[in-house]
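This report refers to the structure that appears directly beneath it.
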Amino acid sequence: MFLKELNKEEGIAFINLVSIFADVDNEFAKEEKVLLKEYKEELEIEDKEIYNLKYEDIIELIRKSSDRSKRIIYFELVGLSLVDGEYEDKEVDFLENLASELKITRATKIAIANYFYNFTDVYNFTTVDAENNIKLLKEQAEKILG
């Protein structure tokens, strides 16, 4: 939803981070592979543009980004962690370490967690409410990302 705001370098770092994160539970789920493809499309990054980065290099690059870009990256990874229906300790630990590295505040982490918790309720809407609910979700995400 907000990945288009990342510059090319941040986008490549994000794709690398997604690959590392998706495999943290030693299972690269089908849903995660689909999302990775969608991320590349949203970022308008082709496979040939992606070069492998080590975790430390990714963090170093993202640290130089704006606070909003950092929050977008963290926000998207929280969403990814929930896509396979499993939210394991290794994923929680990874996200906690990432939040610490990027100086994501506790309040922001809670707001993002609440967003995705509430997202499930809002997402189970009828098609009549679809436009209003999508607008509501986007507005809530905007507030979190600042």
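Note on residue 63: accessible area is roughly 100 Å² with a 1.4 Å probe, heavy atoms of protein only. Remark: the residue 96-residue 31 segment gains 21.2 nm on full extension, using 0.36 nm per residue and subtracting the alpha carbon distance. Using a/c under 1.5 as the rounded threshold, could you call region 52-111 rounded, prolate or oblate? The axes a ≥ b ≥ c are square roots of the C-alpha gyration tensor eigenvalues, and prolate needs a/b larger than b/c, oblate otherwise. It comes out oblate by the Cα gyration axes. The label point for residue 89 and the one for residue 63, both projected 7 Å from the Cα toward the Cβ, are 2.9 nm apart. Using the Cβ-Cβ distance between residue 140 and residue 54 with R0 = 30 Å, the FRET efficiency computed as 1/(1 + (r/R0)^6) comes to roughly 0.30.
The values are calculated or read from the model by the stated rules, or taken from the named source; none is laboratory data. Remember, predicted model here, so these are calculated numbers, not experimental data. Every residue, glycine as well, gets a Cβ built from its backbone with ideal geometry; the counts of neighbours run over all protein chains shown. Remember, those area values only see protein heavy atoms, side chains included, never the ligands or the DNA or RNA. Shrake-Rupley method; radii C 1.70, N 1.55, O 1.52, S 1.80 Å.
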